[in-house]
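Worksheet for the structure shown next.
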Amino acid sequence: MALKPEDITRIERLARIELTPQEGERMLTQINSFFELVEQINAVDTNDVEPLAHPVELLTHIQLRLRQDVVSEIDARTANQQSAPAVEKGLFLVPRVVE
């Protein structure tokens, strides 16, 4: 699926951006290169490949270096809310914006 210059013009309009002709050509080339890569990936036969929940399942010999799940900062809620115009039960009160 290759894009045409008209498609780039439409994308410009939808994104509300303005590209120079050189930027449009570069964008067209880059997007079409991406689509070519996707087509190559789609061409790979994966019928006999079992899906993985996580790619690390293949690498059983690798030890993940995860940090401990512990609190590392003090609770500064009260200090942070001192400059707020309105606070109730630890929450910032703001004006209603949706009726």
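The values are calculated or read from the model by the stated rules, or taken from the named source; none is laboratory data. Bear in mind the structure is a predicted one, so any value in this text is a computation, not a measurement. Counting neighbours? That spans all protein chains shown, and the Cβs are built from the backbone with ideal geometry, glycine included.
Having 3 or more residues that are of a type in the set (D, E, K, R) is the bar; report the helices (runs of 4 or more DSSP H) wholly within the chain that clear it. Spell out how you get there, then give the answer.
On the way: elements: 5-15, 21-42, 77-81.
Filter on the chain gives 5-15, 21-42.
Check the stretch 84-91 and report whether any residue there is touching a strand residue (DSSP E or B) at 6+ places or on another chain (Cβ under 7 Å) and at pLDDT below 95. Outline the logic, then answer.
Taking the stretch 84-91 and keeping what is touching a strand residue (DSSP E or B) at 6+ places or on another chain (Cβ under 7 Å), we get 84.
Going one step further and asking which of them are at pLDDT below 95, we end up with 84.
Yes - at least one qualifying residue is present in the stretch 84-91.
Does the stretch 40-62 include one or more residues that are at pLDDT 90 or above and among the charged types (D, E, K, R)? Walk me through it before giving the result.
Initial filter on the stretch 40-62 (at pLDDT 90 or above): 40-48.
So of that shortlist, the ones also among the charged types (D, E, K, R) come out as 45, 48.
Yes, some residue in the stretch 40-62 is at pLDDT 90 or above and among the charged types (D, E, K, R).
Taking the stretch 63-78, which residues are among the small types (Gly, Ala, Ser) and at pLDDT below 80?
So in the stretch 63-78, the residues among the small types (Gly, Ala, Ser) come out as 72, 76.
None - no residue of the stretch 63-78 is among the small types (Gly, Ala, Ser) and at pLDDT below 80, so the list stays empty.
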